[in-house]
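The values are calculated or read from the model by the stated rules, or taken from the named source; none is laboratory data. Just so we're clear, the structure is a prediction, and the values are computed from it rather than from any experiment. Every residue, glycine among them, receives a Cβ derived from its backbone with ideal geometry; neighbour counts consider all protein chains shown. Side chains are part of the model used for accessible areas, which takes the heavy atoms of the whole protein and leaves out ligands, DNA and RNA. Shrake-Rupley method; radii C 1.70, N 1.55, O 1.52, S 1.80 Å.
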Amino acid sequence: SEIVAVGYLLWCGIWDFKKKYIPIWLVIVGALLSFALFFCEAFMSGKWEWSKALLGLVPGACLSIVSIVSAEQVGLGDGMVLLMMGWMLGIKVTIAAAIFGLFFATCFGVVNMIVKKENLQMTMPFIPFLEIGLLLTLQII
């Protein structure tokens with residue numbers, strides 16, 4: 001599941017970097033991938049870990065709620081991608097990757113504000129930083 005998650009995030013990250021949004025069809029592809037992966041792993045192992053999968057949805061649900069409440073100051077696509085990641089990898093990996101991703105995004109934003117004289121209203125993609133956070137998390141865990 002880690003390979004699928006890394007590949008999916010790479011695809012989303014490239015899209016997010018170029019376009020600064022995640023299209024709904026890419027979210028649907030992620031949902032189909034994550035559900036298919038869950039059912040394949042459950043069928044092969046004989047273990048149906050519903051609690052792990054459902055608990056993994058919490059970080060993405062929280063980010064999606066923040067997106068809706070903040071009138072998309074944080075992109076809804078970011079929350080949806082985090083949902084898919086949580087379903088595939090569980091809550092521990094997802095939270096760790098999100099924390100690392102937020103750290104790297106913050107560092108990039110601060111440097112960008114200093115060097116390019118950007119203001120706080122600048123838009124920047126989050127998924128590429130989430131990808132870096134996931135790769136770092138997978139190396140640590």
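Observations, loosely collected:
- Sparsely packed loop sites in the range 37-141 (the trypsin sites (Lys or Arg not before Pro) outside DSSP H, G, I, E and B with at most 15 other Cβ atoms within 10 Å) comprise K47, K117.
- Measuring only protein heavy atoms, the 1.4 Å probe finds S64 accessible over about 10 Å².
- Taking a sphere under 15 Å around the Cβ of V27 and counting the other residues whose Cβ falls inside, with K and R at +1 and D and E at -1, yields a net charge of -2.
- Entries in K18/K47; K19/K52; K47/K92; K18/K117; K92/K116; K92/K117 that, when Cα-Cα distance is taken, lie over 28 Å: K18/K47; K19/K52; K92/K116; K92/K117
- GNM flexibility winner over the chain from P59, P125, P23 (Cα, springs under 10 Å): P23
- Taking the 1.4 Å solvent-accessible surface of the chain as the whole, the part contributed by carbon and sulfur is 74%.
- Calculated on the Cα set of the chain, radius of gyration then Dmax: 15.2, 55 Å.
- Helix 2-19 axis versus longest C-alpha principal axis of the chain: approximately 30°, rounded to the nearest ten.
- In the full protein context, the range 16-141 carries 61 Å² of accessible surface per residue, based on a 1.4 Å probe and ignoring ligands, DNA and RNA.
- Note on surface exposure: I141, I22, I14 rank I141, I14, I22 by accessible area, highest first, 1.4 Å probe.
- Of the chymotrypsin sites (Phe, Trp or Tyr not before Pro) in the range 68-141, those whose Cβ has at most 15 other Cβ within 10 Å and which sit in DSSP loop: none
- Charge tally in the Cβ shell below 11 Å around M85, where Lys, Arg are +1 and Asp, Glu are -1, M85 excluded: -3
- Semi-axis lengths, Å, the range 1-71, gyration tensor of Cα atoms, sqrt of 5 times eigenvalues: 25, 17, 9
- Approximating the spin labels as points 7 Å out from Cα along Cα→Cβ, the W48-to-V115 distance works out to 5.1 nm.
- Ranking S34, L83, G133 by how far each Cα lies toward the positive end of the dipole of the chain (charges on Cβ) leaves G133 at the top.
- As a calculated quantity, the FRET efficiency between W25 and L55 at R0 = 22 Å, using C-beta atoms, amounts to about 0.25.
- Cα centroid separation - the range 18-47 against the range 64-141, whole Å: 19 Å
- Taking other residues whose beta carbon is less than 13 angstrom from the beta carbon of G101, and scoring Lys, Arg as +1 and Asp, Glu as -1, yields -3.
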